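Data block below; observations after.
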Amino acid sequence: MSRVPVADNEKSLQARRRFLQGLGLAGMASMSYSLLEVKAKTPASSDKRWGLLIETEKCSSGCDACVRGCNEEHGIDDAGDDLTRAQWIRKIDLKDELTGNETSLPVMCQHCESAPCVDVCPTGASFKRADGVVLVNKHTCIGCRYCMMACPYKARSFIHETLTEQKPSAPRGKGTVESCTLCVHRIDEEQDRQPACAVKCTEEAHSAITFGDLNDPDSSISQKLNTLGGSQIRADLQLNTGVRYQGL
Amino acid sequence: MACGRPKLRVGPSQREGGFTDSVPATVSRMENQSMRITALIVCLPLCAFGAATAQGLLLQRAGSQAENRPVIPKASKGDQCVADTEIMRKDHMSLLNHQRDETVIEGIRSEPYSLVSCVNCHAQTDTSGQAIRIDAEGQFCESCHSYAAVKIDCFTCHAAKPAAMEVIGNAEPHLMRDNPHTLVSYLLNKEANE
């Protein structure tokens, strides 16, 4: 059911991409700006599908390294009311009452292939990039928060207050919705660069988060998933998430 | 079908001598002439005075316009902008908008018209070396925008100051040279080019 709007959205995104490419080419042809010959970096490609693998047995309760890493990277203030402050990653502790087994895991935007937030957005601001990263285009977000209601993972936050001192690489502002971007500004910048949460987790010697290309069978994330498998949260929704968990 | 201009109908008063009929008979030709001369004597100095005043006002206005022109601070870094001044003055928003869509939607981050780059070169520092917001009064963006009465929305979300030096200092060293948004990369590249 949800695949039809996704296909439509893909088409509109492709059309937009073609239009933008056309604009770019026309611009290149008509303008003789001296600096337009700067190296053209390739756009995000559907050859890649970025994803995360979280190994819950390595993730300990009480550790919030990934959350801190994310907050530092994006200039998110972790003080304030839990009901209104921005949370791109949440640490969740689970306990099986029958067996007493405890699990701790971070939950962030799951970067779904068939993202409900993209389906419901009235302006097209909530969109999926060619490489599978689900983002909010804050230039077109009107702050209606439909996506927040549609997200089964409660992964999105709304900015209620005026912000100052934002990071140059992470523009954020009042009246828009935001969520984990898989650190696109980092992964676009350089090959093999990891999102801030994965870097921080490794720095604090847990290495519970692996980032990589799910389409590349030789990437470490694919290798790990291939040998030990990985589950999705709410797999019944058939959203084909880009974030997978082991040990759930 | 009635095409073309309708013919004018001539009214009875115009046909029979028109408006002269309405002039009272008591006003003689002589009196009429003397009134015209008086009117000329009164009007000529008035006209001359009016013209002089208008010219004065225009000159004064031109002077005040020159005085009110925005004082735009020079870029604190770099010798050359990403495009000629004329192009940047007229089209900076189109360039920024175009690249904005490419960056957000497609992930292309290597093109020159980035708002971060604008801030990096054009943001000033105060006497204690602290960066001043580029949209603060009298600063690069604000000075011209307030003159043109155009509101800037960019900096409600985007950083209005360059990244702090300590943040750059903590960045991974191999990225410092390549990241076009860091002062370190600018200095290293400038040195390499020289």
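Projecting the Cα atoms of B:F155, B:M88, B:A136 onto the charge dipole of segment B:85-162 (Cβ charges, centred on the Cα centre) puts B:A136 farthest toward the positive pole.
Sorted fewest first by neighbouring Cβ atoms within 10 angstrom, A:K48, A:K154 come out as A:K154, A:K48. For B:K77 and A:T99, a Förster radius of 60 Å and the Cβ-Cβ distance give a FRET efficiency of 0.45, rounded to the nearest 0.05.
Placing unit charges on the Cβ atoms only, positive for Lys and Arg and negative for Asp and Glu, gives segment A:65-129 a dipole magnitude near 260 debye about its Cα centre.
Using a 10 Å cut-off around each Cβ of peptide A:233-245, what is the average number of partner chain Cβ atoms that fall inside? Walk me through the intermediate numbers first.
Numbers: counts 0, 0, 0, 0, 0, 0, 0, 0, 0, 0, 0, 0, 0.
Per residue, the average neighbour count from other chains is 0.
Across segment A:41-246, the mean sequence separation of Cα contacts (distance under 8 Å, 6 or more residues apart), normalised by length, yields a relative contact order of 30 percent.
Per residue of peptide B:150-159, the mean number of Cβ atoms on other chains within 10 Å of the residue Cβ is 5. Neighbouring Cβ atoms from other chains, within 10 Å of the Cβ of residues in A:155-167, number 2 on average. For A:L52, nonlocal amide neighbours, meaning residues 5 or more places apart or on other chains whose placed amide H falls under 5 Å from its own, are A:V243, A:R244. Neighbour counting of Cβ atoms within 10 Å sorts the residues A:E190, A:E113, A:E55, fewest neighbours leading, into A:E190, A:E113, A:E55.
Against the empirical 2.2 N^0.38 Å (N residues), segment A:41-246 has a Cα radius of gyration ratio of 0.99. Taking other Cβ atoms within 10 Å as a rough exposure proxy, B:K90, A:K167, B:K161 sort from fewest to most as B:K90, A:K167, B:K161.
If contacts are Cα pairs under 8 angstrom and at least 6 residues apart, what is the relative contact order of segment B:97-165 in percent?
Working: 54 pairs, mean separation 18.5, N = 69.
Worked out over segment B:97-165, it gives 27 percent.
Taken together, the values in this text are just the output of simple stated rules run on the coordinates, not laboratory data. No experiment lies behind these values; they were computed from the predicted model shown. Methodologically, a virtual Cβ is constructed for each residue, glycine included, from the backbone with ideal geometry; neighbour enumeration extends over all protein chains shown.
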